[in-house]
Amino acid sequence: MMRVRDDDAAAFEELMRRYQTRLVRLMEHLGPRRDLAEDLAQETLMRVFRARKSYEPGAKFSTWLFTIAGNVARNALRTQGRRPELSEVDSPGSPSGKQPAVLAGLALERSSLMPARQVEGAERAEMVRRAIQSLGQRQRMALMLSRFEGMSYIEIAESMGLTTKAVKSLLSRARVNLKELLHPYLAPEGATSPRDDDWDGDDQEV
């Protein structure tokens, strides 16, 4: 990034190669629509380039990058007329009623329109994707940065402008919500709950 700050085009191309795919994956979950993910990833990278002269080394580059990505995603949600949730950290209870309905619809599609075993893996992945998408925006961001980017609580807190305590609460609530959403459709027959390590395996000490 220091080379990018000095107008090194090759260095910026290298940053794009390293981070574009990761940004697209993040935006598939954070943005208002999956088909906008590539555009939002490109917008993030262009903001990085436009801000290059003000860049100062401090936190990890990825922390700075995902801070910009979060801002891009929030702006896209506002533009699409969707208001991000602001109270996921402390909100008690289960996810809203519309979320299980989305997964129930997918389960019906699976049972009536598709061969039972042929696409089980793909269906499972799609159910997980839809469940993540149904979380509040900040829960999704915290979960993606933790589980897919391997960022620590401190790094996530810096990226999202939160305390580490708030990040822990977001991740805890996200995992509880995901277990509640996915258990009726993905748990083995006769099981009473999903495995505890399905969503908790990425806990990190601060």
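The values are calculated or read from the model by the stated rules, or taken from the named source; none is laboratory data. Keep in mind it's a predicted model, so treat the numbers as computed, not measured. No Cβ is skipped: glycine too gets one built from the backbone with ideal geometry, and neighbour counts run over all protein chains shown.
Summary table below
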| quantity | calculated |
| --- | --- |
| Pair list, Cβ < 6 Å and 6+ apart or interchain, from the range 147-163 residues that are modelled with pLDDT under 90 to residues that are surrounded by fewer than 19 Cβ atoms within 10 Å (Cβ to Cβ) | ARG147/ASP202 |
| Residues being charged (D, E, K, R) and modelled with pLDDT of 90 or more - total across the range 164-194 | 4 |
| Single match in PHE66, PHE12 (criterion: surrounded by 16 or more Cβ atoms within 10 Å (Cβ to Cβ) and over 18 Å from the mean Cα position of the chain (by Cα)) | PHE12 |
| Some residue of the range 195-206 being over 13 Å from the mean Cα position of the chain (by Cα), surrounded by fewer than 14 Cβ atoms within 10 Å (Cβ to Cβ), part of a helix (DSSP H, G or I) and modelled with pLDDT of 70 or more | no |
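For (1) in contact (Cβ under 8 Å) with a residue 40 or more places away in the chain; (2) crowded, with 20+ Cβ neighbours inside 10 Å, each residue gets a yes or a no:
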| residue | (1), (2) |
| --- | --- |
| GLY31 | yes, yes |
| ARG52 | yes, no |
| GLU56 | no, no |
| ALA59 | yes, no |
| SER62 | yes, no |
